[in-house]
1. List every residue whose amide H lies under 5 Å from the amide H of Lys62, counting only residues 5 or more places away in sequence or on a different chain, with H placed 1.01 Å from N in the peptide plane.
2. Probe radius 1.4 Å, ligands and nucleic acids ignored: give me the carbon and sulfur share of the accessible area of the stretch 57-101 as a rounded percent.
3. For Asp361, Asp119, Asp45, Asp214, write out the residues from largest to smallest accessible area, computed with a 1.4 angstrom probe and no ligands counted.
4. Starting from the amide H of Ala142, placed 1.01 Å from N in the peptide plane, find each other amide H under 5 Å away whose residue is 5 or more places distant or on another chain.
5. How much accessible surface area, in Å² rounded to 10, belongs to the heavy atoms of Tyr184 with a 1.4 Å probe?
6. Please enumerate, by chain and number, the lysines with C-alpha under 21 Å from the C-alpha of Lys154, excluding those fewer than 8 residues away in the same chain.
7. Count charges around Gly105 for me, please; just the other residues with Cβ under 15 Å from its Cβ, Lys/Arg as +1, Asp/Glu as -1.
8. Applying 1/(1 + (r/R0)^6) with R0 = 35 Å to the Cβ-Cβ distance of Lys218 and Leu117, what FRET efficiency is obtained, to the nearest 0.05?
Amino acid sequence: MLKKLLNSFALALHNIRTRLFHTLLSILGIVIGVGALVTVLSLIDGMEKFAKEQITTTTSLKAVMVETRTSKRVNDVLLQKQDYGYLNYERFKKFSDAMNIPATGYMQFMANSEVLLADSSKVGAGVNGVNTIHPVLAELKAGRLFTAEELAAKTPVAFVNHAFAKQIAGNDAARTALGQTITYKNQLLKVVGVLKPVPREKPELYLPVSLLADDVLKADPPRVVFEVDEVEQVQEFKKNAERWLQVNVAKDSTDFRVITNEARVEQAAKGFLLFRVIMGLIVGISVIVGGIGVMNVLLISVSERTVEIGVRKAMGAKKRDILMQFLAESVTVSLFGSLLGLVLGILATLGIVPVIKAMTDVPFQAAYTFDTFMVITIVAIVIGIVFGTYPAMRAAKLNPVEAIRRE
């Protein structure tokens, strides 16, 4: 069977060579259609790759976020809950200790509030109750951050950003602000550190989250983020977190939502898949036109080779042999056209990408993936079979006596 198939393809290549110019004209539609398909798929793959890179550089795929829901939807109306589970520092500690997957947990209460300075003046500031601060934000200009011991002991200390330090001590902020006392929610806090200045910052105060009363945390539940050591463990950590929260903290099943940034990547992938399918279907119209060209060249080939077909059948060739010969020729022609279209598509992207870069000033590159090449190969084979079946069946049904008599 394999030998017959190989002989069929060898005969197909011989017939293509003898009618090369006619074949090239007939497969022009496939070349253009496949070239357009390769260009579109490569550009979309490049867009997807660029989008994923942007997501991973702006957010961590190792992050697992816990969001407290203080409202629920009833009959499409959003209603405030009367009671709900939330995390305070003690529950957060139990939560962290219960997770059997290595991760660093960040707890942050955020609110805008008035803060009373030592001279009784009031300053508006962003107030952050934290258990620790992310290393990215921990660059100090003077002093220190509060320690884990101070957090556990609820020691009334705080550190501030440079904008807040200027509110306390004017332009000579960094050193002068250290040791000053400020008041938040009737809690007297000693400033032990000042962060380095950053552009366009607003005044920010950071205090141990353990100092905040439960009623404050319940009114505005803190945000909790875990940074898992290995990205492969994110989904398992998420499931464990959801299970622990439902059993130990939640009042009902809607109190907490556990989110990962993998969802953003998946959403982007779905969007690009939809775009890829739609554009592929649109461009596929030109591929179908190319398939009609293949059918045309084979029908002409059948008409020109009726004597050859008649002689082969008279010498014992079966319908299946003739059918296989012309189907092999159809697939070979389609593959040949698709190969030329592939080269045309790659050359087209090499010309289009610099134009896109010049117009958008974005470091964009087309992506040539294995999936794209597989799609082109499958398209070529399907076109060969679909549009070659009718000419092949017509050739196989020829009566050998009538075929020879036509000469």
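The values are calculated or read from the model by the stated rules, or taken from the named source; none is laboratory data. Computed from a predicted structure; not experimentally measured. Virtual Cβ from ideal backbone geometry, glycine too; neighbours counted across all protein chains shown. Just so you know, the surface numbers come from the protein's heavy atoms only, side chains and all, with ligands and any DNA or RNA stripped out. Shrake-Rupley method; radii C 1.70, N 1.55, O 1.52, S 1.80 Å.
1. Those qualifying (amide H under 5 Å, at least 5 residues apart or on another chain) number zero.
2. Values: 1290 of 2780 Å².
Looking at the stretch 57-101 in its full context, I get 46 percent from C and S.
3. Asp361, Asp119, Asp214, Asp45
4. Residues meeting the amide H criterion: Val194.
5. 10
6. Lys93, Lys94, Lys185, Lys190, Lys218
7. Details: positive: Lys62, Arg91, Lys93, Lys94, Arg223, Lys238; negative: Glu67, Glu90, Asp97, Glu227, Asp229.
Here the charged neighbours net out to +1.
8. Working: r = 28 Å, r/R0 = 0.80.
With a Förster radius of 35 Å, E is 0.80.
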